[in-house]
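As structure tokens, the structure follows; a few thoughts come after it.
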Amino acid sequence: MKKSTITPLREKLSEVYDLRAALALLEWDEEVYMPPKGATARGQQRATVSALVHRLMTSPEMGRLLDSAEADAGLSENDKILVCETRYDFEKARKLPESFVQRFAEAQSQAYQSWTKAREESSFARFHPQLQTLVHLAREKAEHVGYSGSPYNALLEEFERGMTTEQLTPLFAELSQRQTALIKRVGASSNLEEESWLHQIWDENAQWALSLRVLGDMGYDFEAGRQDKAVHPFTTNFGIHDVRVTTRISATQLFSCLSSAMHEGGHALYEQGFREEDARSPLAEAPSLGLHESQSRLWENMIGRSAAFWAYGLPLLRQFFPGQLDGIPMGHVYRSINRVRPSLIRVEADECTYNLHIILRFEIEAALLDGSLNVTDIPHLWNAKMKQYLGLVPPNHSLGCLQDIHWSHGAFGYFPAYALGNLYAAQLFEQIRRDLPSLWKDVQEGNFIPLLGWLRTNIHRVGRRMTAPQLIESVTGRPPEAAPYLRYLEEKFV
Ligand code: ZN
């Protein structure tokens, strides 16, 4: 019998994935349970395991296993895809010299410390030298990785494979023009009095219990996951049968815990939905950050902020917070969770204004990378664009260009994924509403199973077999576009 070329490759990949899972567990524990004095040792442990992952992934043995699998004419279609994706990861991991990775890591840790202080003091000058270094390193990285068109494409590829600056520029231009016009129309209609009922203390245990109830109804499998608290909520997995979510709770913010749980729940349903046979392989992954984000935003916003959802949700609120919603009509609850208000902070932005925060960052990043913008000029350009898009000027840099952690990590090219998540979600959601005519009726009854079934079949089980743009086109018949999101906003808010 002929010797299999795929089995030894799968075994080697399983080792890589087990080490990655161990790394994810170290990181999860760091955010959820680790006492503060554990930080130094944890940093060392993470560095050690990361180095092992990299060494194994780029080893000559991995190269040999790939070569022989590629030369094998008898592979199944599925195995061919696995080999192709592994080749992509292998080449990508080998492109960055170890000396560069080392310098980048050092610059990151210095930049993070200087950003923390700069944000406290609202002093851009304090962050400037480290940011300058990271921009230089990002350009160097683009040269190592290679690109066609804009050097920014090399960085985008890391988070949003298959997407380019040349595609994003017209997409974002349409969004910024239409969304800016939209918020002007919607802005005047918000009624603060309708939100006065929200100013109460909301029992944290009840918020926690409500979030578990909704997660369970969404179809999240608690036998294959759990929820914990974290300052910055996130989702992680150590395998398709252990997908963890985290949430935050504030006694004065009724919707914060629930929205965050639904958002992370959307991410987690995706990861619980990968195919069993893809476990411990690169196919049990999302093709991009933007597509992952489409799943969280679909549940958090398109479902969780819909009128149908609140037909199910309001009785639950009354049950978990007895007496606190007496006499509050459905319309007030619905409009409170959907208020539109331009604000300075991205993470607090509503559905109408959110993308504008991203577009501003994308424009700044792309200009930094192609050399048309100097780091010194970031604060000025930031404020000018805030004024242009949202009609607001930050009173200080902490509430402006120093608010996000991403640049201190050197994570240029990350932000567009958030806006793409919104676009993908809306485009998929139009298809879902065509395919599931009884969707809103099901949601009103708290029956999310048909929706989850659709996502499982069309998105989750695909894993990494297609890039995000390919998957969007294969499911909806059209390449990623801005129109469905704009239709969604106009239908909902105008
Ligand atoms: Zn997310």
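Solvent exposure of the stretch 392-494, expressed per residue, is 37 Å² of accessible area, with all protein chains present and a 1.4 angstrom probe. Here the accessible area is traced with a 1.4 Å probe on the protein chains. For the stretch 165-493, carbon and sulfur cover 52 percent of it. Quick one: net charge of Thr247's neighbours, Cβ under 14 Å, K/R +1, D/E -1? The answer is 0. Taken over the Cα atoms of the stretch 83-195, the convex hull encloses 202 Å³ per residue. Under the criterion of Cα pairs below 8 Å and six or more residues apart, the relative contact order for the chain equals 20 percent. Largest to smallest in accessible area, the residues Arg55, Arg46, Arg161, Arg94 fall in the order Arg55, Arg94, Arg46, Arg161 (1.4 Å probe, all protein chains included).
May I have the count of lysine pairs in the stretch 165-493 with C-alpha atoms under 30 Å apart, counting pairs 8 or more residues apart or located on different chains?
Values: Lys184/Lys385; Lys184/Lys387; Lys184/Lys492; Lys385/Lys492; Lys387/Lys492; Lys441/Lys492.
Within the stretch 165-493, the lysine pair count is 6.
Per-residue 3J(HN,Hα) values for the stretch 168-183, derived from phi via the Karplus relation 6.51 cos²θ - 1.76 cosθ + 1.60 with θ = phi - 60°, read 5, 4, x, 4, 6, 5, 5, 4, 5, 5, 6, 6, 4, 5, 4, 5 Hz in sequence order (x marks Gly and Pro). Within the full protein context, the accessible area of Met62 is estimated at about 0 Å² for a probe radius of 1.4 Å.
Each residue was assigned an accessible area with a 1.4 Å probe, and for Glu348 the value is about 140 Å². Computed over protein heavy atoms with a 1.4 Å probe, the accessible surface of the stretch 55-96 works out to 53 Å² per residue. Between amide H atoms placed 1.01 Å from N, distances below 5 Å from Lys229 occur with Thr247, all of them 5 or more places distant or on a separate chain. With no solvent and one equal point scatterer per Cα, compute the Debye intensity ratio I(q)/I(0) for the chain at 0.07, 0.11, 0.13 Å⁻¹ and report its log10, rounded to two decimals. Each listed q maps to, in turn, -0.39, -1.03, -1.48.
Pairs of Lys residues in the stretch 6-146 that lie 8 or more places apart, or on two chains, and have C-alpha atoms under 30 angstrom apart add up to 11.
For the stretch 84-143, give the percent of accessible area contributed by carbon and sulfur heavy atoms, probe 1.4 Å, rounded to a whole number.
Values: 1670 of 3340 Å².
Carbon-and-sulfur percentage of accessible area, whole number: 50.
Net charge around Arg335, counting only other residues with Cβ within less than 10 Å of its Cβ (Lys, Arg = +1; Asp, Glu = -1)? Show your work: numbers first, answer last.
Working: positive: Arg339; negative: Glu194, Glu195.
Summing Lys/Arg as +1 and Asp/Glu as -1 gives -1.
Each other residue within a Cβ distance under 12 Å of Thr180 adds +1 if Lys or Arg and -1 if Asp or Glu, for a net charge of +4.
The values are calculated or read from the model by the stated rules, or taken from the named source; none is laboratory data. These numbers were taken from a predicted model, which means no experiment stands behind them. Backbone-built Cβ (ideal geometry, glycine too); neighbour counts: all protein chains shown. All accessible areas refer to the heavy atoms of the entire protein, side chains included, with ligands and DNA or RNA removed. Shrake-Rupley method; radii C 1.70, N 1.55, O 1.52, S 1.80 Å.
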